[in-house]
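Colleague: Pasting in a structure now, in structure tokens, and then I'll have a few things to ask.
The values are calculated or read from the model by the stated rules, or taken from the named source; none is laboratory data. Every value quoted in this text rests on a predicted model; they were computed, and no experiment measured them. With ideal geometry, Cβ positions are generated from the backbone for all residues, glycine too; neighbour counts draw on all protein chains shown. For accessibility, only protein heavy atoms count, side chains too; no ligands or nucleic acids. Shrake-Rupley method; radii C 1.70, N 1.55, O 1.52, S 1.80 Å.
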Amino acid sequence: MKTTIASLKKGQKAIIQEITTDRIPLKLLEMGCLPGNQVELLLTAPFQCPMYLTINDSHLAIRKEVAEQIEVRIL
């Protein structure tokens, strides 16, 4: 079973391992959403969408379906 950003709990940190889709928004890549970078889940909206994250000191919100395509290793 793979662990993705969508399965993180509030305050949990992880390292991005792999992005399993080619359809990830370019803006996420530009803001540091790349393999090897640390991600922390700050907040989630009701129904877990969007998810508010910190990646490399950048704060961003992503949709749950995008978060499900980013595999992580929990720290």
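Colleague: With the requirement that a residue be open to solvent by less than 70 Å² (accessible area, probe 1.4 Å) and of a type in the set (S, T, N, Q), what does the stretch 26-40 give you?
Modeller: Listed by number, the list holds a single entry, N37.
Colleague: Taking the stated definitions as given, is L43 open to solvent by 30 Å² or more (accessible area, probe 1.4 Å) and either among the hydrophobic types (A, V, I, L, M, F, W, C) or free of Cβ contacts under 8 Å to residues at least 24 places away in the same chain (or both)?
Modeller: yes
Colleague: What is the residue count in the stretch 46-63 for residues that are open to solvent by 60 Å² or more (accessible area, probe 1.4 Å) and touching a helix residue (DSSP H, G or I) at 6+ places or on another chain (Cβ under 7 Å)?
Modeller: To start, the set of residues in the stretch 46-63 that are open to solvent by 60 Å² or more (accessible area, probe 1.4 Å) comprises 46-48, 50, 52, 56-57, 59, 61, 63.
Adding the requirement that they be touching a helix residue (DSSP H, G or I) at 6+ places or on another chain (Cβ under 7 Å) leaves 48.
Result for the stretch 46-63: 1.
Colleague: Here is a follow-up. Please work out which residue is farthest from the chain's Cα centre (by Cα), limiting yourself to the stretch 1-22 and to residues that are farther than 10 Å from V72 by Cβ and without any contact (Cβ under 8 Å) to a residue 12 or more places away in the chain.
Modeller: M1
Colleague: Would you please list the contacts, defined by Cβ atoms under 8 Å and residues six or more apart or on different chains, that run from a residue in the stretch 29-40 that is modelled with pLDDT of 90 or more to a residue that is open to solvent by 60 Å² or more (accessible area, probe 1.4 Å)?
Modeller: That search, which allows pairs on different chains as well, returns P35/Q17; P35/E18; N37/N56; Q38/K13; Q38/N56; Q38/L75; V39/K13; E40/K13.
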